[in-house]
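Chemist: Following this message is one structure expressed as structure tokens.
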Ligand code: SF4
């Protein structure tokens, strides 16, 4: 596992987390907006929402149609606007405000349990809040990370990202979760793509356990650095 982390750092660099992290609720909403779209488009949606409705009170009080229009560029606007409103309503009811700062005193497992009780918030979204807002050493698993972990044989018998998340908990070297997560996403976008992985350019080819490795020709076109390198959750203002 440490070998994979080191090779990816040599290949893609060592990502460094900003010293100033955004508030948990900002991160939660950003992660909801990131579902099923590119980071570039979800960043546009997040920026439009915060520019036109700068407080979470304003978002909660705005008609759902307004929220929908502002986030449309990020896709699935109907579902995401409803989800954001529902999360804000629930927080107001439970905590009396639109803040999640009480999470800072809780353990990682408690935070995941608290957040996943919110409608439409899964383990991946909760673990992104843990890393990108609270600076915890937790390894979120999205579809890219899930695919790469399974192809490399780091986990086996894990049919879903949630199962891979649980299995990887014990495997990620201490202090490496942020770097490994970030680099696995970049690696999944750039090299180990879903349908046509570029195995001929793979820095961990010798470690890969995927039976189909090297049999599918990856496209020679390489996505621009901004497409594979830009991480929405590293670009939410503190
Ligand atoms: S050898 Fe191919 S399938 Fe295996 S990790 Fe590398 S790019 Fe992915």
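Derivation of every value follows stated rules applied to the coordinates shown; laboratory data play no part. For clarity, every value in this text was computed on a predicted model and none was experimentally measured. Backbone-built Cβ (ideal geometry, glycine too); neighbour counts: all protein chains shown.
Chemist: First measure r as the distance between the Cβ atoms of residue 105 and residue 196, then evaluate 1/(1 + (r/R0)^6) with R0 = 41 Å and state the FRET efficiency to the nearest 0.05.
Modeler: Efficiency computed from Cβ-Cβ geometry: 0.35.
Chemist: What ranking of 26, 109 emerges when the number of other C-beta atoms within 10 Å of each C-beta is taken as an exposure proxy, fewest first?
Modeler: 109, 26
Chemist: Counting other beta carbons within 10 Å of each Cβ, put 184, 27 in order, fewest first.
Modeler: Result, fewest neighbours first: 27, 184.
Chemist: Also, I was wondering about something else. Considering every pair of different Cα atoms, what Kirkwood radius, in Å, is found for the chain?
Modeler: Final number for the Kirkwood radius of the chain is 18.6 Å.
Chemist: Highest mean first, what order results for 91-100, 160-169 on Cβ atoms within 10 Å?
Modeler: Numbers: 91-100: 14.2, 160-169: 17.7.
Ranking the peptides 91-100, 160-169 by packing returns 160-169, 91-100.
Chemist: For an R0 of 22 angstrom, estimate the FRET efficiency from the Cβ-Cβ distance between residue 170 and residue 2 and round to the nearest 0.05.
Modeler: The computed FRET efficiency comes out at 0.95.
Chemist: Where does the chain land at 222 nm, in deg cm²/dmol rounded to the nearest 500, when only DSSP H runs of n ≥ 4 count, each adding -39500 (n - 2.57), divided by all residues?
Modeler: Mean residue ellipticity at 222 nm (helix-derived): -15500 deg cm²/dmol.
Chemist: Quote the relative contact order of region 75-206 in percent (integer), defining contacts as alpha-carbon pairs under 8 Å separated by 6+ residues.
Modeler: Over region 75-206, the number comes to 17 percent.
Chemist: Report the residue, chosen from 188, 120, 19, that carries the largest GNM mean-square fluctuation when the chain is represented by alpha-carbon nodes joined by springs under 10 Å.
Modeler: 19
Chemist: For 56, 210, what's the fewest-to-most ordering of other Cβ within 10 Å of each Cβ?
Modeler: 210, 56
Chemist: Determine the distance separating the Cα centre of region 177-202 from the Cα centre of region 69-103; give it in Å without decimals.
Modeler: 31
Chemist: Can you tell which of 195, 34, 55 shows the greatest fluctuation in a Gaussian network model of the chain with Cα springs below 10 Å?
Modeler: It is 195.
Chemist: What relative contact order, as a whole-number percentage, does region 7-93 give when Cα pairs under 8 Å and 6 or more residues apart are counted? Write down the numbers at each step before the final one.
Modeler: Values: 61 pairs, mean separation 24.3, N = 87.
Relative contact order, region 7-93: 28 percent.
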